Amino acid sequence: MRIGIDLGGTKIAGIALAPDGTTRAEARVPTPRGDYAGTLDAIATLVAGLEAEAGVGDASVGIGMPGAVSRHNGLIKNANSVWLNGKPFAGDIAARLGRPVRIENDANCLAVSEAVDGAGAGQTIVWAVILGTGVGSGIALRGQALTGRNAIAGEWGHNPLPWPRDDERPGPACYCGRHGCIETWLSGPGLAADHSLRTGKTRTGEQIVAAALASEPAAAATMARYLDRLARGLAHVVNVIDPDVIVLGGGLSRIASVVAALPEKIAPHVFSDAFDTPVRASLHGDASGVRGAAWLWGPEP
């Protein structure tokens, strides 16, 4: 039995998976925001509850979370759940549970989930991209997370938008201290900011998408710019890792027209005589992160 925990900023989700991938138990609790000790308590209680419901003890535990465990000192870094940063979370939660725990970035968990039994099942290199409030990605190689030497593999959101046009320089300011990061263009807030700049109207990403689908010219133009930028951003990474499949997660991945339009728009930017890499929406949707956390303990390659 495998237990997966998805440690988010507002909720902690848990799942217990049988060896064949079927769900034996599920639960979620609010995240104790700003409370490190409370977060450890909440995870330990959640794991105990999942084991009791599934009728097992000492299941393997994998945890997906924002940020990563530093290779330098073993402490958490880059987490937008800032109360985790600088803490020995991996060691502390393993001690609380009394067993080894595997921890990965939440985007890597998405990639693992979709590689094991999702939209990338059976593929060697699965690149999973999150398009939501933020922009991130994870890479699964033969069903296992590719973390990298510095635990930052897949952090494409904080690279600059490739092949920028004159009106895209220097680009919006990013919280990381730079300008023009991919996340500032392709996140939901980035989409809304671009629409507001061009039209003077304040709308959410969801409202812009709905208006574009209703053939409103201004919203359709915003979405056309978004798709062009997304295609350039994806092509840049395709030229580096050449994945077997690109899997999209996050709110914007649910728009079928966005997913369907991407291959043709990516192709001109790929350094190849042909581009036939499929682009697919995640099969498990919002459950992919917690399922991927469970799969951090297998199957073996």
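Structural remarks
- Counting Lys and Arg as +1 and Asp and Glu as -1 over every other residue whose Cβ lies under 12 Å from the Cβ of TRP127, the net charge comes to -2.
- Eligible aspartates and glutamates near LYS77 by straight Cα distance, threshold 19 Å, same-chain separation 8 or greater: ASP6, ASP35, ASP92, GLU104, ASP106, GLU155, GLU183
- Applying 0.36 nm per residue to the separation of THR10 and THR133 and subtracting their alpha-carbon distance, the gain on full extension is 43.0 nm.
- Karplus-derived 3J(HN,Hα) values for the range 228-245, using 6.51 cos²θ - 1.76 cosθ + 1.60 with θ = phi - 60°, are 4, 5, 4, 4, 5, x, 5, 4, 4, 7, 4, 5, 9, 10, 6, x, 7, 7 Hz; glycine and proline are entered as x.
- The range 56-213, Rg to Rh (Cα coordinates; Rh as Kirkwood inverse mean 1/r): 1.04
- Where labels lie 7 Å past Cα in the beta-carbon direction, separation of ASN239 and ASN80 in nm: 2.8 nm
- Panel values: the range 1-135, Kirkwood radius from alpha carbon pairs, Stokes-Einstein at 4 °C and 1.567 mPa s, translational diffusion coefficient 84 µm²/s.
- Near HIS284, once Lys and Arg are set to +1 and Asp and Glu to -1 for all other residues with Cβ below 14 Å from its Cβ, the sum equals -3.
- Distant-in-sequence amide H partners of ALA25 (H built 1.01 Å from N, under 5 Å): ALA16
- Phi angles of the range 159-165 translate, via the Karplus equation with coefficients 6.51, -1.76, 1.60 and θ = phi - 60°, into HN-Hα couplings of 9, x, 4, x, 6, x, 8 Hz per residue; Gly and Pro are given as x.
- GLU264 sits with roughly 150 Å² accessible to a 1.4 Å probe, with DNA, RNA and ligands left out of the calculation.
- Point-to-point label distance, ALA48-ASP20, nm (Cα→Cβ direction, 7 Å offset): 3.2 nm
- Amide H contacts under 5 Å for ILE63, placed H, 5+ residues apart: ILE5, ARG102, ILE103, GLU104
- Rolling a 1.4 Å probe across the protein heavy atoms gives the chain an accessible surface of 45 Å² per residue.
- Karplus-derived 3J(HN,Hα) values for the range 7-24, using 6.51 cos²θ - 1.76 cosθ + 1.60 with θ = phi - 60°, are 8, x, x, 10, 9, 10, 9, x, 8, 10, 10, 6, x, 8, x, 6, 7, 9 Hz; glycine and proline are entered as x.
- Radius ratio Rg over Rh of the chain, counting only Cα atoms, Kirkwood formula for Rh: 0.98
- Within the chain, helix-based [θ] at 222 nm, where runs of 4 or more DSSP H residues each add -39,500 (n - 2.57), nearest 500: -11500 deg cm²/dmol
- The range 1-120 - percent of accessible surface contributed by carbon and sulfur, probe 1.4 Å: 50 percent
- Carbon and sulfur %, accessible surface of the range 131-203 computed with the full protein complex present, 1.4 Å: 52 percent
The values are calculated or read from the model by the stated rules, or taken from the named source; none is laboratory data. Just so it is clear, the structure is predicted and the values come from calculations on it, not from any experiment. Note that each Cβ is placed from the backbone with ideal geometry, even for glycine, and that neighbours are counted across all protein chains shown. Please note that ligands, DNA and RNA were not included when accessible areas were found on the heavy atoms of the full protein model with its side chains. Shrake-Rupley method; radii C 1.70, N 1.55, O 1.52, S 1.80 Å.
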